[in-house]
Amino acid sequence: MSQRIGRLCDELRIKLHGMDRRLEALKSNGAATFDQSQDLLESQLDRVEQRIYDNRVVVEAANVRVKTWLAERKAGSVAGREPWTERHKAHRLEARADDAEEYAIAVFELAAAAADEAALAILQALLARSDADAAALPEAELGAP
């Protein structure tokens, strides 16, 4: 595995682990008051939204690279024989490996972006559930006079 792909795998693993830790902390935060939980959720939501916004250019570029790679693969298979197999020339094999690594990197970038989108959706769902639960409580339980 190339060093670059190994690094991206590690980054994705760290991102997924961090998201898991944050979600576990949110779930176990049931003892906190509603206002504190609401503030925590909104703060995390803001951070995830900002991260998604900051990464939008990287994600768009990754989408283009993936689509290009897939189109090239399809075009090669339609032609009946991929050019890199012709006499197994080393430079063609090297170019094929580079292309495959670029594709893998682009897919990892999309996976990391998908993890952020999933975190955003979960935080939005938690906030919506919190609002619905608060609305269902009788006024006496909310401490209203």
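No lab work stands behind these numbers, since they all come straight from the coordinates. Quick caveat: nothing in here was measured; it's all calculated off a predicted structure. Counting neighbours? That spans all protein chains shown, and the Cβs are built from the backbone with ideal geometry, glycine included.
The table below gives the values:
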| read-out | value |
| --- | --- |
| Contour excess over end-to-end distance, with Cα ends at residue 3 and residue 89 and 0.36 nm allotted per residue | 28.6 nm |
| Additional length obtainable on full extension of the chain from residue 17 to residue 127, 0.36 nm per residue less Cα span | 37.4 nm |
| Cα-projected label distance for residue 56 with residue 98, points at 7 Å along beta-carbon direction, nm | 3.2 |
